[in-house]
Amino acid sequence: MSWTTGETLPANGQSTTGTFVSYKLFQDATYFTNWGSAAQAMTNVGTGVAVPLIVYGRVLPAAATPEAGIYQDTVTMTITW
């Protein structure tokens, strides 16, 4: 999954049968602030203390209900300082 500058595209988790479920990742539990790059990037000032980076996910509405199963995807986070 990746974003280009300014985009907040949905990602797709895939099941073992090839069915997809679209979802988006957020920085907050209210699902308001998207994870992404540029304007959607999280910025913070380091203090030397460990800081958890929590990612919230929300499955997007679908035209048809996807089949039951286990869906998985890989999310990569780049941390720059």
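The values are calculated or read from the model by the stated rules, or taken from the named source; none is laboratory data. On a predicted model such as this, the values are computed, not experimentally measured, just so you know. Note that each Cβ is placed from the backbone with ideal geometry, even for glycine, and that neighbours are counted across all protein chains shown. To get the accessible areas, we keep the full protein, side chains included, count just its heavy atoms, and leave off ligands, DNA and RNA. Shrake-Rupley method; radii C 1.70, N 1.55, O 1.52, S 1.80 Å.
Results, tabulated for the structure shown:
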| quantity | calculated |
| --- | --- |
| Residue in the stretch 60-67 that is in contact (Cβ under 8 Å) with a residue 24 or more places away in the chain, open to solvent by less than 100 Å² (accessible area, probe 1.4 Å), closer than 20 Å to residue 29 by Cβ and within 15 Å of the chain's Cα centre (by Cα) present | yes |
| Answer residue from the stretch 37-51, given it is at pLDDT below 80, of a type in the set (A, V, I, L, M, F, W, C) and at negative phi and is least open to solvent (accessible area, probe 1.4 Å) among those | 41 |
| Extreme residue, modelled with the lowest pLDDT, among residues of the stretch 9-26 that are assigned to a loop (DSSP other than H, G, I, E, B) and open to solvent by 40 Å² or more (accessible area, probe 1.4 Å) | 9 |
